[in-house]
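The values are calculated or read from the model by the stated rules, or taken from the named source; none is laboratory data. Predicted model, so just to flag it, every value in this text is computed and none were measured. Here the Cβ positions follow ideal geometry from the backbone for every residue, glycine too, while neighbour counts run over all protein chains shown. Accessible surface areas use protein heavy atoms only, side chains included; no ligands, DNA or RNA. Shrake-Rupley method; radii C 1.70, N 1.55, O 1.52, S 1.80 Å.
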Amino acid sequence: MDKPSHDSADYNEALFETIADDIANSGYSIRPNALPQALLEQLASYVHTIPIADFKKAGVGRDGAHQLNQLVRSDNICWIDGDHAAGAAWLEWLEALRVFLNRRLFLGLFSSESHFAHYGPGDYYQKHSDAFKGQANRLLSMVVYLNSEWRVEDGGELLIYKAEETRASIKVTPSFGTIVVFLSEDFPHEVLPARRGRFSIATWFRLNKAS
């Protein structure tokens with residue numbers, strides 16, 4: 001794998017700094033068209049080559065509480081590892097972000113996990129939290145969108161709720177390269193149905209389970 005150029009390293013540093021400032025000030029960061037272009041195109045190209053059989057119906061809950069429930073979510077997912085160049089490049093970028101956020105915000109992020117998500121037309125994910133107060137080792141959630149030429153009328157928005165609000169105060173269009181990062185415990189969210197299929201990457205930065 002080619003090493004990043006000084007220009008891309010400088011871009012990442014500036015992007016990471018912006019994300020860190022947003023999290024420190026607001027608890028979330030929304031950056032349209034922000035993922036480095038070369039990495040974005042590599043991931044977008046790769047996701048369309050993954051066999052349909054590799055995408056599995058997504059569930060809710062973890063470990064022994066994990067179950068399929070299409071009343072809650074109807075997307076399909078494929079976990080990302082380093083076996084393909086695109087996956088390896090993504091995990092390398094995530095690691096650089098993890099290290100930066102720990103250095104800048106002292107978050108104690110220990111690891112990350114990511115999967116591609118495919119939402120077909122009409123698929124959705126009901127309002128939920130990625131972590132619950134006092135129980136979670138997911139500290140930060142992140143979504144990156146891989147949909148070129150996405151229009152507002154295509155739907156599929158991410159709705160983010162602040163604190164105990166019953167109505168969403170933030171709506172994010174799943175446009176190509178948009179990055180969304182938020183504190184996992186603090187922001188319930190949902191995915192609205194879209195009028196055409198869409199791809200994204202969902203990521204969680206985790207604390208050390210053993211700590």
Average accessible surface area per residue within the range 122-211, 1.4 Å rolling probe, Å²: 46 Å²
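Magnitude of the Cβ-charge dipole of the chain, K/R +1 and D/E -1, about the Cα centre, nearest 20 debye?
For this selection, approximately 620 debye.
With n ≥ 4 as the cut-off for DSSP H runs, can you work out [θ] at 222 nm for the chain, using -39500 (n - 2.57) per run divided by the number of residues, rounded to the nearest 500?
Rounded to the nearest 500, it is -8500 deg cm²/dmol.
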Spatially proximal aspartates and glutamates relative to Lys127 (Cα-Cα < 18 Å; intrachain offsets below 8 disregarded): Asp75, Glu157, Glu164, Glu165, Glu185, Asp186, Glu190
FRET efficiency, 1/(1 + (r/R0)^6) with R0 22 Å, evaluated for Asn33 and Arg151 via beta carbons: 0.90
Accessible surface ranking that places the most exposed of Ser184, Ser26 first, with a 1.4 angstrom probe: Ser26, Ser184
Chymotrypsin sites (Phe, Trp or Tyr not before Pro), loop per DSSP, at most 12 other Cβ atoms within 10 Å - longest free stretch of the chain: 1-105
Rounded FRET efficiency, nearest 0.05, which uses the C-beta distance separating Ala85 from Leu192 and R0 of 30 Å: 0.35
Sparse-neighbourhood loop sites, GluC sites (Glu not before Pro) in the range 136-189 - DSSP loop, at most 16 other Cβ within 10 angstrom: Glu149, Glu164, Glu165
Potential lengthening between Ile52 and Asp21 on full extension [0.36 nm per residue; Cα-Cα distance subtracted]: 7.3 nm
The range 105-195: trypsin sites (Lys or Arg not before Pro) in DSSP loop, at most 12 other beta carbons within 10 Å: Lys133, Arg151, Arg167, Arg195
Heavy-atom accessible surface of the chain: percent carbon and sulfur, 1.4 Å: 52 percent
